[in-house]
Each structure stands twice: as C-alpha cells, then as structure tokens.
Amino acid sequence: MSTRTAAPRNRNRYARLALLLVVSVFTLSACVVRVVAPPEGAAPAPTPEATDDVNAEEERLRAERDRAERQRIARERAERERARLAREQAERERIAAERERIAAERAERERIAAERAERERQAQARAERRAERERLAAERAERQRIARLRAEQERAEQERLAAEQAERQRLAAEQAERERLAAEQAERERLAREQAERERVGRERAEKERVAREQAERERERLAREAEREKERLAREAQREQERLAREAERERAEKERADRERADKERADKERADKERAGKERADRERAERERAARERADRERADREPPDPERPDRERPRLPVDSLHVVGPTDSPRVDAPRGDSAVARNPDGTRKLDKVPPGHFPKKDECRLWFADTAPGRQPKPVACSTLIGEEKVPEGAFILY
C-alpha cells in the first residue's frame, strides 16, 4: 500500500477519535449538571449537614471538573500532538510522493532525452549514409564524366585522323583531276595545233613530270627520313634496353661470383680448419702410437731380459695376421676377428684384450678393400678405404687402430 492511500486513512482515524472525545466531554458535563441541580419541590433552607454534604459534593464535583479539564487538556494536547504527527507524516508522505514524482519526471526526461539522442543518432547515421551515397554517386558521375571525356577524345582523335585521311584523298583526287584536265587540255591543244604545239606540250608535260618526280622524290625522302629517325629511335631504345639488361646481368653475375667466392672461401677455410684438426689429431695419434710402441718395446725387452732363453724357440717373432680379418695393434697385441656392425664402441674381451663393437652401417669398406678404424674418432673423420694389400705389415697400421674388411 502506498503512502498516498495511508495518509487519508490516518486522518479519518484521528477525526473519529476527536469526535468520540468531544461526545464524552459533553456527556460528563450533563451528568455533573444533573447531580448539582436541586430537585423540584425541595426545601429552600438546607441544614448544616446538608451544607457540608453540598460543599463536599461541590468539592468533589470541582475536583472531577478539574480532573476532567486536565484530562480534556491532556486529550487536546495528545490530539494536537497526534494531529501534528499526522501532519508531519502526511508532509513526509507528500515529500516522498513529490520525490517519487520528481524521480518519475526525471526518468521520463531521461527516457525522452535518450529517445531524442537515439533519434539524433539515427538521423546522423541516415545523414552519413545519405552523404556516403551522394559521395558514391558523385564518384560514379565523375568516373562516367571521365569515361565520356575519354570517349570524346578518342572520337575526336578518330575524326581528326579520318579528316586527315579524307584531306589526303581529296588532295590526291584534285591532283589527279588536275592531271586529267591538263592531259585533256594538252590533247585538245595537240589536236588544235601542229607538231610544234605538240612538242611544246611535250616539254611542258616533261617539265610537269619532272616536278612531280621531284615532289615524289622529296616525299619519299621525307618518309625515308622519318622512317630512319623512327628506326634510330627504336634502335636507341633497344640498345638502352640491352645495356640495361647487360648491366643487370653483369650485376647478377658479380653478385653470383661474389657469393661463389664467399662460399669457396668459407669452404676452403672449413677444409683448412678440418685439415689442421685432422693433421693435429693424426700427429697426436702418431705421437701416442710412438709412445705406446716405445713402451711396448721397452716392456718386451724387460720381459725378455727377465725370462730365460728358450732353446726350442731361438727367435720370438710376432705372428703375422691375415689381411681378411679385423685386428687391433696395441699394447696387448691381441687380434679380434669379425666385429659386429652397429655403433662404434670399444669393449674388452674376458681375457682383457680390446675388441670393436657396433660399427655404424654404411662405413664398412667394399669387397677386396680394407679400412683403418679408430675407436676414439667420429665416423665422418675416419680414414678412407684402401686396398687390403697396402695394409700388410704392422708398420703400416698405427697402434690402437682396427682394420675393417
């Protein structure tokens, strides 16, 4: 329920309470008058006891009147307070209703402003679309105008060329007509005059032919000069184009040569670096092999010095290994035959000798070829395969190397 409907109900309730209070006051006053007024036919001279009773009754009535007056004043004060509170409540309700009305009006104004802004935005969008359509129409009209101008120019050029052609044809026709008339005139003069006239006409005709030949010659020379100039121009353009193409080709060739030189320099530098690394590694391998050989020879000499001589084996020659086998030349000097193919690795046999395991596929030599293999060298840096006959003899196989067959 809203405050607008609650305020009239409160006012009606307060009005009913005030009416009941007034009726109660009037009823009490009537009762007091009936009690105080003497009855009809009573004696006019009261006794002292009656006087005391009357005085007491008057005191009691006065007290009741005072109490009633106080109650009335209190009720009036309460009524005024209730009326004031009711007025304040009504004022608050009015203020709240006014605020609601103001808020509703503000919302209405905002809605109207939003609608107006939306309409303005739509109008602006329509104006922008209209302007865009007008711009597109103007561009289309401009393109059409340009196309018409171009067509008019082309048509005017064609008309000019046609007019020039017609003029040349007219001049040629006039020239032919003049020649024809001259011939007819000459013929008439020839018929009218004698041989002398015919000779004179002949001379004139010869002169005219000479002039015509000169004119034709000059025309041919002019056309020839124009053709020559056009040919020279085309030749110069072709020469410039050839020179440009030649320069571009020269520049591309120079770029390619520079790139080739840089690549060759880089390859040569890489090859030199690889050769230096391989040479250093080979030198280090040779030095290590030399140290191992010296150590083995020293150990053999010490072992030979410690062992007693064997009369049955006067010489202690090292056994030769066949070429078609895989063996290692090192401190233990023990052969290992038939190395499996796979990743290269060096392992030990149960007796402590070295063996080569897992050679990468594709690195074994072809038939009737052998290849030195170093376990501590990358597969791509191993020596190339050679004929097996070139590796016969321990002096040709470095220490620590394997032979792949």
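The values are calculated or read from the model by the stated rules, or taken from the named source; none is laboratory data. Only a predicted model underlies this, so the values are computations on that prediction, with no experimental measurement involved. For neighbour counting, all protein chains shown are included, and Cβ atoms are generated from backbone atoms with ideal geometry for every residue, glycine included.
One table, with the values for the structure above:
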quantity	calculated
Residue that is within 17 Å of Q382 (Cα to Cα) and under 60 Å from the mean Cα position of the chain (by Cα), where the choices are E262, E282, E267	E282
Which numbered condition G400 misses (of (1) at pLDDT 60 or above; (2) on the phi < 0 side of the Ramachandran plot)	(2)
Test result for R67, of a type in the set (D, E, K, R) and closer than 30 Å to L21 by Cβ	yes
Criterion: surrounded by 10 or more Cβ atoms within 10 Å (Cβ to Cβ) and either in contact with a Phe, Trp or Tyr (Cβ under 9 Å, 6 or more places away or on another chain) or farther than 30 Å from D376 by Cβ (or both) - qualifying residue of E272, E226	E226
Whichever residue in region 195-220 is among the small types (G, A, S) and surrounded by 10 or more Cβ atoms within 10 Å (Cβ to Cβ) and, among such residues, is farthest from A176 (Cα to Cα)	G202
Qualifying residue in region 10-24 (condition: at pLDDT 70 or above, surrounded by 11 or more Cβ atoms within 10 Å (Cβ to Cβ), part of a helix (DSSP H, G or I) and touching a helix residue (DSSP H, G or I) at 6+ places or on another chain (Cβ under 6 Å))	yes
Output for region 347-394, where each listed residue is surrounded by fewer than 15 Cβ atoms within 10 Å (Cβ to Cβ), part of a strand (DSSP E or B) and either modelled with pLDDT under 80 or of a type in the set (K, R) (or both)	A347, R348
Subset tally (residues that are closer than 27 Å to A294 by Cβ, in contact with a Pro (Cβ under 9 Å, 6 or more places away or on another chain) and without any contact (Cβ under 8 Å) to a residue 40 or more places away in the chain) for region 361-405	4
Test for P311: is it modelled with pLDDT under 50, farther than 30 Å from K366 by Cβ and touching a helix residue (DSSP H, G or I) at 6+ places or on another chain (Cβ under 7 Å)	no
